[in-house]
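Heads up: the structure comes next, in structure tokens.
Each reported figure results from applying straightforward, stated rules to the coordinates on display, with no laboratory input. It should be emphasised that the depicted structure is a prediction, and the values quoted were computed from it without experimental measurement. Neighbour counts run over all protein chains shown; Cβ positions are idealised from the backbone, glycine included.
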Amino acid sequence: MAPAGLFVRNARIHPTTSTGEALSDLAVDGDTIAAIAPAGALPPDGRPELDAAGCLLSPPLVDPHVHMDAVLTVGEPRYNESGTLIEGIFTWAERKPSLTHADVKARALEAIRWEVAQGTGLIRSHVDVCDPNLVALKALLELREEVRDIVDLRLIAFPQDGILSFPNGKELMREAMRLGCDVIGGIPHYEWTRDDGVEEVHFLFDLARETGAPIDLHCDETDDEQSRFLEVVAARTMRDGMEGRVVAGHTTAMGSYNDNYAFKLIQILRRAGVTIVANPLDNIVLQGRFDTYPKRRGMTRVKELDAAGINVACGHDSIMDPWYPLGRGSMLDALSMLVHVAQMTGRAELFRAYEMVTTNPARAAEVPWGVKEGLPANFVVFDCADEAEAVRLRPAARWVVRGGRIVAETEPARSVIHRAGSTTPVSFIKPGGAG
């Protein structure tokens with residue numbers, strides 16, 4: 001049954017760059033945002049009320065790139081001691097034979113709970129389909145339906161071991177889409193040869209023509225400056241008229257390209273409307289492992305792509321798995337790493353970066369996203385004043401609302417300093433307000 005309604009009082013509505021210091025009230029009817037008005041303008045009518053007390057009311061966060069089939073497998077069957085991408089892939093290959101339906105569902109559900117509790121409302125998960133039995137995919141397809149009340153989970157058919165380089169790779173991709181995957185994935189740089197990688201890209205676009213599905217592939221996730229599959233992706237995107245429906249994740253080789261080639265590629269990407277998803281938590285630790293010093297930063301050219309008008313998003317990627325032993329499912333943790341590594345610490349840049357975990361990835365997923373009258377009542381109240389403070393503090397999600405219903409809430413931690421004869425509460429907000 002749809003909820004009758006809800007009031008949120010005294011909120012600072014995203015984007016605060018437009019709404020400023022003004023406080024607003026928001027009314028929910030059923031599962032829709034019915035009204036937004038200046039604080040105090042909406043009279044009480046008996047529906048439940050939440051007092052945001054000047055905190056940020058934001059669209060839900062979006063995780064556009066994660067691997068829910070692999071979450072929480074760190075140390076199974078062994079740890080990735082070198083910290084390299086390739087050892088992570090080999091370790092996962094050892095773990096895959098022991099996957100079970102129940103195992104995948106239980107781990108993924110726990111990680112989804114972590115993300116939802118911290119404000120995530122849309123998750124796009126890659127699922128390894130290099131498995132003749134498609135164990136993980138079938139488990140996550142089932143879980144996708146079971147968690148609809150708390151999150152929008154979308155699944156990407158991901159050929160971890162390649163399509164041409166894995167037995168029956170093309171048939172497994174087709175079967176994954178037939179079973180109900182939402183998006184076509186890929187990994188052309190992991191094929192055995194350059195020619196095979198190019199052929200994989202063309203297969204992905206042919207499959208998109210057959211199915212009508214969008215594409216979201218891992219692309220050029222390497223420090224090798226000769227890995228240049230992204231240009232093939234962009235060209236095929238334009239030739240097939242798929243502008244706005246193609247996402248390329250990682251693209252870390254772009255950090256090693258010479259500037260002349262990078263400039264050319266960025267212009268092509270802008271024309272093609274390809275979204276780039278950086279995954280800074282993984283990228284910064286997996287890349288640059290073969291460098292001594294100077295050591296490359298290990299991430300794509302986020303700042304330059306954004307400045308060129310390309311849609312850029314930020315993903316979590318891994319949560320305690322063979323590639324990344326850390327992580328707690330916080331998109332604000334991932335965003336904090338991004339603004340540091342990409343050097344996006346200018347005041348305006350912090351607000352732009354916030355869009356990389358909200359509206360930008362939602363646009364790539366072709367989902368309306370925002371806090372506006374008439375849109376679904378999906379939003380989060382964060383314990384902070386604005387988007388820049390959200391990046392700095394990574395605050396608690398006081399209330400997470402989906403379809404007009406509170407699906408998660410967190411009581412923020414409070415610190416107190418004990419001195420001789422007195423106690424003093426600690427605030428991590430600058431005196432006088434945000435900023």
>> Sort T292, T32, T424, T16 by Cβ crowding within 10 Å, fewest neighbours at the top.
In response: T292, T424, T32, T16
>> If each DSSP helix of 4+ residues adds -39,500 (n - 2.57) and the sum is divided by the residues in the chain, what number results at 222 nm, nearest 500 deg cm²/dmol?
In response: -9500 deg cm²/dmol
> Which net charge results for the neighbourhood of D321, defined as the other residues with beta-carbon distances under 14 angstrom from its beta-carbon, given Lys and Arg at +1 and Asp and Glu at -1?
Replying inline: -4
>> Can you give me the distance in nm between label points at R419 and S18, each placed 7 Å from the Cα along the Cα-to-Cβ direction?
In response: 4.5
> chymotrypsin sites (Phe, Trp or Tyr not before Pro) within region 279-359: which are DSSP loop residues with at most 10 other Cβ atoms inside 10 Å?
Replying inline: F290
> What FRET efficiency would be calculated for the residue pair K295, R239, taking the C-beta separation as r and a Förster radius of 35 Å, to the nearest 0.05?
Replying inline: 0.40
>> Is there a quick way to get the dipole size of region 57-135? I mean about its Cα centre, with the Cβ of Lys and Arg at +1 and of Asp and Glu at -1; what is the value in debye to the nearest 20?
In response: 180
> Under a plain spin-label model, where a point goes 7 Å from the Cα along Cα-to-Cβ, how far apart in nm are D31 and E49?
Replying inline: 2.8
> Looking at the chain, how many pairs of lysines come closer than 23 Å at the Cα, when each pair is eight or more places apart or spans two chains?
Replying inline: 7
